[in-house]
Ligand SMILES: Nc1ncnc2c1ncn2[C@@H]1O[C@H](COP(=O)(O)OP(=O)(O)O)[C@@H](O)[C@H]1O
Ligand SMILES: [Mg+2]
């Protein structure tokens with residue numbers, strides 16, 4: 001898909017702004033706190049998701065104003081569309097002049113991926129963030145998955161509640177059987193979805209990472225299942241005694257992880273800052289490839305502050321080798337833009353483009 005234009009009114013520090021974009025690379029350049037990320041954020045909100053900055057809706061409205069408005073014209077599957085979002089007490093979204101029941105319904109009509117500095121935690125932090133990332137990515141493509149995941153998590157919570165009573169009252173084992181049956185059936189589906197998704201992701205990760213590192217490094221990403229689907233039943237029963245002391249369910253896909261190895265060495269434990277950033281970025285860029293493979297359309301690619309901490313090889317790859325799909329990238333250093341071969345540069349100052 002492609003975004004033709006963006007219009008902002010009272011959106012954060014941007015009073016009035018109308019931009020026409022390049023169909024390839026768009027670089028948004030400027031000093032700190034000028035409004036670069038605000039532009040990226042405004043684009044992202046058309047995907048129907050929450051802000052990647054974890055902001056409340058009220059924070060989108062310019063200080064001292066009562067409402068904000070964002071508009072875009074974009075092309076999806078060859079068809080031109082308009083979307084509008086009004087921010088006042090509530091966020092209200094319109095697609096082709098029609099009011100949507102919820103802004104979340106923009107999802108599937110306007111596809112985007114975003115990379116922001118906080119995504120580094122995907123590599124540096126514990127497995128919970130990686131699972132959440134996976135679950136959201138899979139849920140975007142297969143809405144069924146969200147339901148399965150909910151049923152699964154509910155069954156795990158219920159098992160956790162009751163497992164503690166197991167040592168006093170063995171009759172609760174009947175209840176445990178019920179919850180474990182749900183854990184086994186939903187858990188197996190979750191594992192299947194994740195294996196399938198990571199399988200497609202892994203078709204793209206090595207090539208993108210290789211490009212980013214100028215061919216100097218190789219990456220391998222592995223799905224680490226806590227327990228294979230076929231063994232869930234046996235392992236859950238086996239762990240009942242142990243789990244009753246901790247009060248938590250130690251077996252199942254809520255304990256899964258993805259591991260990244262660079263040239264055979266674990267990236268989370270030993271990677272440099274730049275390598276970790278490259279891994280997180282690779283993950284996001286590969287996600288775009290998966291979306292393309294499944295929906296037939298590339299999402300737009302929003303890269304916020306990705307240039308810092310990357311060497312020139314990596315920066316050049318981003319600037320000139322992300323082909324076939326429209327990208328928006330913010331940076332502070334104007335020298336970044338000198339190396340841009342094709343595309344459009346926007347210089348942002350005090351909420352205006354000069
Ligand atoms: N609701 C708001 N009203 C007015 N200004 C805002 C609002 N929210 C954020 N800002 C301002 O926007 C600026 C930050 O913009 P941002 O896009 O994050 O900067 P950068 O160019 O560094 O990416 C800050 O100066 C901040 O005070
Ligand atoms: Mg910023």
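The values are calculated or read from the model by the stated rules, or taken from the named source; none is laboratory data. Just so it is clear, the model here is predicted, and its values are computed rather than measured. For neighbour counting, all protein chains shown are included, and Cβ atoms are generated from backbone atoms with ideal geometry for every residue, glycine included.
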Out of (1) within 16 Å of ligand 1 (Cβ to nearest atom); (2) in a helix (DSSP H, G or I); (3) free of Cβ contacts under 8 Å to residues at least 40 places away in the same chain, what's the single condition that is false for residue 307?
(2)
Output the residue which, of all residues in the stretch 42-53 that are more than 15 Å from ligand 1 (Cβ to nearest atom) and under 14 Å from residue 326 (Cβ atoms), is nearest to the chain's Cα centre (by Cα).
47
Just one of the numbered conditions (1) surrounded by fewer than 21 Cβ atoms within 10 Å (Cβ to Cβ); (2) at pLDDT 95 or above is not true of residue 247; which one?
(2)
Taking the conditions exactly as written (within 16 Å of ligand 1 (Cβ to nearest atom), assigned by TED's automatic domain parsing to the domain that holds residue 330 and out of contact with any helix residue (DSSP H, G or I) (no Cβ under 6 Å at 6 or more places or on another chain)), does residue 81 satisfy them or not?
no
From the list 279, 306, 290, exactly one residue is under 28 Å from residue 199 (Cβ atoms) and within 16 Å of ligand 2 (Cβ to nearest atom). Which is it?
306
Of the residues in the stretch 31-56, how many are closer than 19 Å to residue 100 by Cα, within 13 Å of ligand 2 (Cβ to nearest atom) and at pLDDT below 95?
1
Within the stretch 307-319, the residues that are exposed (fewer than 15 other Cβ atoms within 10 Å of the Cβ) and at pLDDT below 85 are 308
Condition check: surrounded by fewer than 16 Cβ atoms within 10 Å (Cβ to Cβ) and either more than 8 Å from ligand 1 (Cβ to nearest atom) or not in a helix (DSSP H, G or I) (or both). Does residue 33 satisfy that?
yes
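Condition check ((1) within 20 Å of the chain's Cα centre (by Cα); (2) in a loop (DSSP other than H, G, I, E, B)) across all residues:
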position	(1), (2)
40	yes, no
59	no, no
71	no, no
82	no, no
105	yes, no
108	yes, yes
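Take the residues in the stretch 11-23 that are in contact (Cβ under 8 Å) with a residue 12 or more places away in the chain and surrounded by fewer than 18 Cβ atoms within 10 Å (Cβ to Cβ); name whichever of them is nearest to ligand 2 (Cβ to nearest atom). Lay out the reasoning, then the answer.
Step one: filter the stretch 11-23 for residues in contact (Cβ under 8 Å) with a residue 12 or more places away in the chain, giving 11-15, 17-23.
Applying the additional criterion that residues be surrounded by fewer than 18 Cβ atoms within 10 Å (Cβ to Cβ) yields 13, 15, 18, 20, 22-23.
Working: 13: 11, 15: 18, 18: 21, 20: 22, 22: 20, 23: 24 Å.
Ranking the qualifying residues of the stretch 11-23, first place goes to 13.
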Here are some residues: 329, 318. Which one is touching a residue at least 40 places away in the same chain (Cβ under 8 Å), closer than 21 Å to residue 218 by Cβ and either assigned by TED's automatic domain parsing to the domain that holds residue 77 or within 14 Å of ligand 1 (Cβ to nearest atom) (or both)?
318
Scan the stretch 47-66 and report the pairs whose first residue is more than 25 Å from residue 300 (Cα to Cα) and whose second residue is part of a loop (DSSP other than H, G, I, E, B) and within 15 Å of ligand 2 (Cβ to nearest atom), with Cβ atoms within less than 8 Å and a gap of 6+ or a chain change.
62/12; 62/13
Restricting attention to the stretch 319-341, report how many residues are within 27 Å of the chain's Cα centre (by Cα), part of a loop (DSSP other than H, G, I, E, B) and either more than 16 Å from ligand 2 (Cβ to nearest atom) or under 15 Å from residue 302 (Cα atoms) (or both).
6
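Would it be correct to say that residue 297 is assigned to a helix (DSSP H, G or I), under 17 Å from residue 114 (Cα atoms) and more than 16 Å from ligand 2 (Cβ to nearest atom)?
no
Of all the residues that make up the stretch 112-166, how many are assigned to a loop (DSSP other than H, G, I, E, B) and more than 23 Å from residue 195 (Cα to Cα)?
Number satisfying all stated conditions: 1.
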Single residue of the stretch 1-30 satisfying the filter (assigned to a loop (DSSP other than H, G, I, E, B) and more than 9 Å from ligand 1 (Cβ to nearest atom)) that is nearest to residue 75 (Cα to Cα)
1
Only one of these is out of contact with any helix residue (DSSP H, G or I) (no Cβ under 6 Å at 6 or more places or on another chain) and closer than 26 Å to residue 260 by Cβ: 117, 103, 143. Name it.
117
